[in-house]
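**Q** For reference, the structure I am asking about is given below.
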Amino acid sequence: MLGIVVVAGCDASSVPATPAITPGTSAAPRQVNVILKDYLFLPGIVDLVPGETITLNVVNGGLDVHELVLGPLAVQEAWEAAEAPAANPPPGATPVVSVPPGLEGLRVVVSSGATRTVTYTVPSDIAEPLLLGCHISDHWERGMAGAIRLVGPGGVPPSTRTQSP
Ligand SMILES: [Cu+2]
């Protein structure tokens, strides 16, 4: 007898409630793990508390070199444009690319099988949604993107966001 397995699609509404979060501090950063695969981020939605400091462990579990760029859409678009000329490079070191000042965001490039760890302080006043993206070769086009979900202490999405005037 043949069996057919149907795997349900994954969308944002199926993401389980975030576990309780104790925000990290500069003295005691919170550990956050993100896995880079061919060609997606795991988890696809990363919960962060505005103002907290995290130790971000970026693990490349894929076969290709990947990067994690954390920033709003303008930052993602800047890296996408900057890295376009370096798409599909010959084997060897990744060509050096750069973006205009102010559009750097956080960028961590990780080779296959490697892990890089950085300390990152989440801005306390975030005006635009923060995204995750990989702009190496055609990975962004392939959908290698993720999102940051801002949550309050305890992991509860704030019901109301206070905006500074
Ligand atoms: Cu990639």
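The values are calculated or read from the model by the stated rules, or taken from the named source; none is laboratory data. Values in this document were obtained by computation on a predicted structure and should not be read as measured data. Here Cβ is always computed from backbone atoms with ideal geometry, including for glycine, and neighbour counts include all displayed protein chains.
Yes or no, residue by residue, for (1) within 18 Å of the chain's Cα centre (by Cα); (2) over 19 Å from Thr53 (Cα atoms); (3) not hydrophobic (A, V, I, L, M, F, W, C):
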{"residue": "Gln76", "(1), (2), (3)": "yes, yes, yes"}
{"residue": "Ala84", "(1), (2), (3)": "no, yes, no"}
{"residue": "Leu106", "(1), (2), (3)": "yes, no, no"}
{"residue": "Val109", "(1), (2), (3)": "yes, yes, no"}
{"residue": "Gly113", "(1), (2), (3)": "yes, yes, yes"}
{"residue": "Asp125", "(1), (2), (3)": "no, no, yes"}
{"residue": "Ile136", "(1), (2), (3)": "yes, yes, no"}
{"residue": "Ala145", "(1), (2), (3)": "yes, yes, no"}
{"residue": "Val151", "(1), (2), (3)": "yes, no, no"}
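**Q** Condition test on Gly113, is it more than 13 Å from the ligand (Cβ to nearest atom), at pLDDT below 95 and outside any strand (DSSP E or B)?
**A** Details: more than 13 Å from the ligand (Cβ to nearest atom): yes; at pLDDT below 95: no; outside any strand (DSSP E or B): yes.
So Gly113 does not fit the description; no.
**Q** Do the conditions hold for Val69, that is, is it surrounded by fewer than 20 Cβ atoms within 10 Å (Cβ to Cβ) and either in contact with a Cys (Cβ under 7 Å, 6 or more places away or on another chain) or not in a helix (DSSP H, G or I) (or both)? If you could, list the steps in order and put the result at the bottom.
**A** Numbers: surrounded by fewer than 20 Cβ atoms within 10 Å (Cβ to Cβ): no; either in contact with a Cys (Cβ under 7 Å, 6 or more places away or on another chain) or not in a helix (DSSP H, G or I) (or both): yes.
No.
**Q** Related question: Please name all residue pairs, on different chains or six or more residues apart, with Cβ atoms under 9 Å, provided the first residue is in region 135-163 and is more than 30 Å from Tyr39 (Cβ to Cβ) and within 16 Å of the ligand (Cβ to nearest atom) and the second residue is modelled with pLDDT of 95 or more and not hydroxyl-bearing (Ser, Thr, Tyr).
**A** Qualifying pairs under 9 Å: none.
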